[in-house]
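A short write-up of the structure that comes next.
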Amino acid sequence: MSSIPAIAILSVMDRYDDYYRSTPEVFGSAPNQILVEHAGLIDPSSTTLEIACGQGRNSFFLARNGMTVHALDQSVEAVRQVKAVAEKEGLAIRTIHSGFADLRPEAAGYGAILVFGLIPDLKRDDVAALVTTVEKVLAPKGLLFITAFGTWDPAFENHQREWTEDSENSFCSLDGVVRTYLEPGELVALFPGLEVIHFWEGLGPEHRHGDGPPERHGLAEAVFRRK
Ligand SMILES: C[S@@+](CC[C@H](N)C(=O)[O-])C[C@H]1O[C@@H](n2cnc3c(N)ncnc32)[C@H](O)[C@@H]1O
């Protein structure tokens, strides 16, 4: 049985809704750099799925470059904001308000899947479910763009000391926030059947979220291709 009170679980579900309502461009307006650098590899006739699209910076980048995108997030506010921009600009983005585990596969599969910043928010069981979802919906020759935080993240030791360890390198705060950190090389190991196009681990750039303090993350990033 989880020891997290129901009210805390509710606050986690609402956390991004509140954040997106109060703060424009929480994760910036620029698309992720690995997407910018490798977008040319995506089959332009295919549909891309963005899992956990947030306020849409990556989906907008692809759609503004003529691609078709399905943008999924479990935050109702994220989906509302992405839909509003897509309608205003006439972008080929279909929004899906859902958790990724409830996603229905497209018949042809997705030509690319983007998963930026989601793994750190997932418990280990949900990371395994995410891998299953990707395997289910990625088309042959399709690309996967994905990032995670690693155990070299500057916040890792604080979370290890002050939060409850739920499973290996996965911690939960008293109010139900989850942080999961991967070991070096673990992001590639999650997808043994996929070809590695790009893989990098290190310290990301200093940045801020809204008015928050400056921070840096221990990042793992990868681009994979289905064989
Ligand atoms: C750190 S934000 C990243 C947003 C976006 N990918 C970006 O990089 O700008 C994580 C997002 O994951 C979403 N999320 C968390 N759990 C999810 C789930 N199980 N299914 C779909 N979205 C989820 C949250 O609502 C939030 O928008």
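Overview of results
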item	result
Residues satisfying the stated conditions in segment 159-184, i.e. buried (at least 17 other Cβ atoms within 10 Å of the Cβ), of a type outside the set (Ser, Thr, Tyr) and touching a residue at least 40 places away in the same chain (Cβ under 8 Å)	ASP166, CYS172, GLY176, VAL178, ARG179, LEU182
Hits in segment 101-124 - residues which are touching a residue at least 40 places away in the same chain (Cβ under 8 Å) and over 22 Å from LEU62 (Cα atoms)	PRO120, ASP121, LEU122, LYS123, ARG124
Residues of segment 94-127 that turn out to be within 14 Å of the chain's Cα centre (by Cα), under 24 Å from HIS159 (Cα atoms) and more than 9 Å from the ligand (Cβ to nearest atom), as a count	3
Filter result (aliphatic (A, V, I, L, M) and not in a strand (DSSP E or B)) within segment 110-145	LEU118, ILE119, LEU122, VAL127, ALA128, ALA129, LEU130, VAL131, VAL134, VAL137
From the options THR147, THR132, THR151, residue that is touching an Asp or Glu at 6+ places or on another chain (Cβ under 7 Å) and within 13 Å of the ligand (Cβ to nearest atom)	THR147
Residue under evaluation GLY28, criteria (1) in a loop (DSSP other than H, G, I, E, B); (2) away from the ligand (no atom under 11 Å from the Cβ); (3) exposed (fewer than 15 other Cβ atoms within 10 Å of the Cβ), criterion not met	(2)
Failed condition for ILE42, given (1) closer than 17 Å to ARG104 by Cβ; (2) in contact (Cβ under 8 Å) with a residue 40 or more places away in the chain	(1)
Failed criterion for PRO192 (all others in (1) without any contact (Cβ under 8 Å) to a residue 40 or more places away in the chain; (2) outside any loop (DSSP other than H, G, I, E, B) hold)	(2)
Among (1) buried (at least 22 other Cβ atoms within 10 Å of the Cβ); (2) more than 19 Å from ASP43 (Cβ to Cβ), the one test that ASP125 misses	(1)
Test for ILE34: is it surrounded by 18 or more Cβ atoms within 10 Å (Cβ to Cβ), assigned to a helix (DSSP H, G or I), among the β-branched types (Val, Ile, Thr) and more than 9 Å from the ligand (Cβ to nearest atom)	yes
For ALA148: the one exception among (1) of a type outside the set (Asp, Glu); (2) farther than 17 Å from LEU203 by Cβ; (3) part of a strand (DSSP E or B)	(2)
Qualifying residue in segment 61-84 (condition: in a helix (DSSP H, G or I), under 24 Å from HIS217 (Cα atoms) and in contact with a Leu (Cβ under 8 Å, 6 or more places away or on another chain))	yes
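Yes/no matrix, rows are residues, columns are (1) hydroxyl-bearing (Ser, Thr, Tyr); (2) surrounded by 12 or more Cβ atoms within 10 Å (Cβ to Cβ); (3) more than 24 Å from TYR20 (Cβ to Cβ):
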position	(1), (2), (3)
THR151	yes, yes, yes
GLU157	no, no, yes
GLU186	no, yes, yes
TRP200	no, yes, yes
LEU219	no, yes, no
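No lab work stands behind these numbers, since they all come straight from the coordinates. Here the structure is a predicted model, which is why all the values come from computation and not from measurement. FYI the Cβ positions are ideal-geometry reconstructions off the backbone, even for glycines, and counts take in every protein chain you see.
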